[in-house]
Amino acid sequence: MVAQLKLITALQRIDTEIARINNRKKMLPGELAKLDETLQVFCADFEKDQKALEEFNKAHKEREEKLKRGLENLKKTRERLSDVKTNKEYQAMLKEIEVTESKNSSMEDEILIIMDKLDQIKKQVKVKEIELDERRHDYGSKKQRIEQELTEMDAEIASYLEKHLLLKEQIAPDLLKKYDTIKIRSHGVAVVAVWKEICMGCHMNIPPQLYIELQKDQKDIDIEYCPHCNRIIYWEDQHKKGE
């Protein structure tokens, strides 16, 4: 039975490793999705700034054209002053010139405000463009690392499954059946160590006599179970384990 205990203990270690790797595998797609979401949020923010830049460029161009037309109208109106026949017409044209000059002045003020805003957005877009390149590079590197890790884990699981199959072939069917039953009932852990009369599965004290039995080095030692959690138990020298 000692050999069977060693085999079932080894099987548990493999199952524990497979479970650990599978748990990690389940987390990786989430990590990748989070990285992708963060990048997409930044991209959307960057595109928003680019759109704002386009709109301000358009507004700047429109006002420049309006100012150009206003200046042309002002020039033509002044040129027509010499053709005025009456004082009434003269005063009307002076008023028209005043209104046009006021509009042109307001347009110049708007252009200055837009140019100042344009300068700010251009700087902001430039900074974000550099950051976006860095984020994309970082995302690509992390994605590649995660994909590589997934590939390595698949290979590791395949290797463990081969060992798992070989071990199962050497374990007595009734013991294997008990192992599977306990594992399902005990969250994947059917075999645990005992140290200083404490079961490492449920952390309860086992009877002193049972603890003594576990420490015997005999070929005919029986498979023992924790009286509290019913897991298969074996004695393990924690001092030697830590060496």
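Quick note: the coordinates plus some simple rules give every number you see, no bench work behind them. Worth saying up front: this structure is predicted, and the values here are computed from it rather than measured. Please note: Cβ atoms are built from the backbone with ideal geometry, for glycine as well, and neighbour counts cover all protein chains shown.
Structure notes:
- Contacts under 9 angstrom Cβ, first residue in region 154-183 being over 21 Å from Q4 (Cβ atoms), partner of a type in the set (D, E, K, R) and part of a helix (DSSP H, G or I), 6 or more apart: D154/K25; E156/E17; I157/E17; I157/K25
- Against the test of being of a type in the set (G, A, S), exposed (fewer than 14 other Cβ atoms within 10 Å of the Cβ) and part of a helix (DSSP H, G or I), the options A44, A59, A52 yield a single qualifying residue, A44.
- Residue under evaluation L210, criteria (1) under 42 Å from the mean Cα position of the chain (by Cα); (2) in a helix (DSSP H, G or I); (3) of a type outside the set (G, A, S), criterion not met: (1)
- In region 50-107, the residues that are of a type in the set (D, E, K, R), in contact (Cβ under 8 Å) with a residue 40 or more places away in the chain and closer than 26 Å to K123 by Cβ: R63, E64
- Taking the listed residues E110, E98, E162, E147, the one that is under 30 Å from K61 (Cα atoms) and exposed (fewer than 13 other Cβ atoms within 10 Å of the Cβ) is E98, with no other qualifying.
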